[in-house]
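Below is one structure, written out as structure tokens; the observations come after it.
The values are calculated or read from the model by the stated rules, or taken from the named source; none is laboratory data. Note that the structure is a prediction, hence the values are computed from the model and not measured. Neighbour counts run over all protein chains shown; Cβ positions are idealised from the backbone, glycine included.
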There are 2 protein chains.
Amino acid sequence: MPVAVLRLGHRLGRDKRTTTHLILTARALGAHRCYLTAPDPEVQQTVAALQRRWGTTLEVVVQRNWRKVLKERRGGAIHLTMYGENLPTVLPALQALVERTGKEELLVVVGGAKVPGEVYALADFNVAVGNQPHSEVAALAILLENLGGREALQADFGGPLRIVPQARGKVVDDATAR
Amino acid sequence: MPVAVLRLGHRLGRDKRTTTHLILTARALGAHRCYLTAPDPEVQQTVAALQRRWGTTLEVVVQRNWRKVLKERRGGAIHLTMYGENLPTVLPALQALVERTGKEELLVVVGGAKVPGEVYALADFNVAVGNQPHSEVAALAILLENLGGREALQADFGGPLRIVPQARGKVVDDATAR
């Protein structure tokens, strides 16, 4: 199942690290696309530079019209919000949604400061990763891992740099240095 | 199993949002303590204010001597690093560690910019949540969820504010308003 993340309400400057963490987390867990509703050159350059070294598997798409992304989607949409149904409760229904929408892109909507009420109505599910305030990065990570991201954790990302996992210390295989 | 997070290398100002996300993620997944190696009044006040409303279940402890925390621990220590053994591979061994150390505090070490080599040696396990660069917040979330944090996602945190999970919209029960 291809996964895309729609990041709402990114604020230039203030949110650059959180949004970068969010995009890289999505990538590490197998997402292939992230929609930003406003360009942020610093974030986009950081992600592009990282992918040149570690493998380009995710595309950042700037789309100011988030309604269009949500309304014209072909697969399911899961909106992450602390006010939603708690993940452990709703997980079987999410898995059924993923099963049903098959090869279509699953859209995971991650809010920023103020999420318009319309988002709650347009999503198939409003899901809380615990009904406590914490972090959209953590919520995305846990949701994706529960929907099959664990396989992505072991995937080959195809970049020139590859870590060789170690019990102690650091080993990086650099294909450009051979 | 009680869980504590040891946050290394927090930089005042620059890391405040990431460290706040890290602490709140630890809390939402059931950790009861977070060690910071330097005070950060802004982070500490944000966490304290949030806990007054949502329930005080986690203690922030400033301990400049991280070696002491690591060396004098009574339970296991898991260091999160992208260079470590990949979580899916090492998970059964981590579960065995948790089983063996029983009621002692499990220490999860989360690095910052530069982690001293000594940390890799002192930890029981160096664990990568995928061998790709992403986010320490995401890595902590997935590790804790895999070690039993899913129960915490459904726990009552005892604060005056409680979300009543909804399929659509937001409902917050405020005990101070009754």
Practice problem: Could you look through region B:117-127, keep only residues that are in contact (Cβ under 8 Å) with a residue 24 or more places away in the chain and out of contact with any Ser or Thr (no Cβ under 6 Å at 6 or more places or on another chain), and pick out the one that is nearest to the other protein chains (Cβ to nearest Cβ)? | Solution: B:Y120
Practice problem: For B:E99, state whether it is part of a helix (DSSP H, G or I) and under 18 Å from the mean Cα position of the chain (by Cα). | Solution: no
Quiz item: Wholly within region B:32-96, which strands (runs of 3 or more DSSP E) include no fewer than the required count, namely at least 2 residues that are within 14 Å of chain A (Cβ to nearest Cβ)?
Solution: B:77-86
Quiz prompt | Filtered residue count, region A:145-161, keeping only those that are within 8 Å of chain B (Cβ to nearest Cβ), of a type in the set (A, V, I, L, M, F, W, C) and closer than 23 Å to A:L87 by Cβ | solution = 2
Quiz item: Any residue at all in region A:39-50 that is within 14 Å of A:L140 (Cα to Cα) and either β-branched (V, I, T) or buried (at least 20 other Cβ atoms within 10 Å of the Cβ) (or both)?
Solution: no
Quiz item: What number of residues within region A:50-97 are among the polar types (S, T, N, Q), without any contact (Cβ under 8 Å) to a residue 40 or more places away in the chain and under 22 Å from B:K170 (Cβ atoms)?
Solution: 1
Exercise. Determine, yes or no, whether B:V108 is among the β-branched types (V, I, T), within 23 Å of B:C34 (Cβ to Cβ), touching a Gly at 6+ places or on another chain (Cβ under 6 Å) and assigned to a strand (DSSP E or B).
Key: no
Self-check item: Residue check, A:D173 of a type in the set (D, E) and either farther than 26 Å from B:V115 by Cα or in a loop (DSSP other than H, G, I, E, B) (or both)
Solution: no
Quiz item: In region A:104-121, which residues are out of contact with any Pro (no Cβ under 9 Å at 6 or more places or on another chain) and buried (at least 18 other Cβ atoms within 10 Å of the Cβ)?
Solution: A:L107, A:V108, A:V109, A:V110, A:G111, A:V115, A:V119, A:Y120
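Is at least one residue of region A:64-77 among the polar types (S, T, N, Q), surrounded by 16 or more Cβ atoms within 10 Å (Cβ to Cβ) and at pLDDT 95 or above? Quick ask: steps written out before the conclusion?
Filtering region A:64-77 for residues among the polar types (S, T, N, Q) gives A:65.
With surrounded by 16 or more Cβ atoms within 10 Å (Cβ to Cβ) added as a condition, the list becomes none.
No: zero hits.
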Practice problem: Identify, by number, the condition in (1) under 24 Å from B:L140 (Cβ atoms); (2) facing chain B (nearest Cβ under 7 Å); (3) not in a loop (DSSP other than H, G, I, E, B) that A:N131 doesn't meet. | Solution: (3)
Exercise. Determine which single condition B:V171 fails, assuming it passes every other condition in (1) exposed (fewer than 13 other Cβ atoms within 10 Å of the Cβ); (2) in contact (Cβ under 8 Å) with a residue 60 or more places away in the chain.
Key: (2)
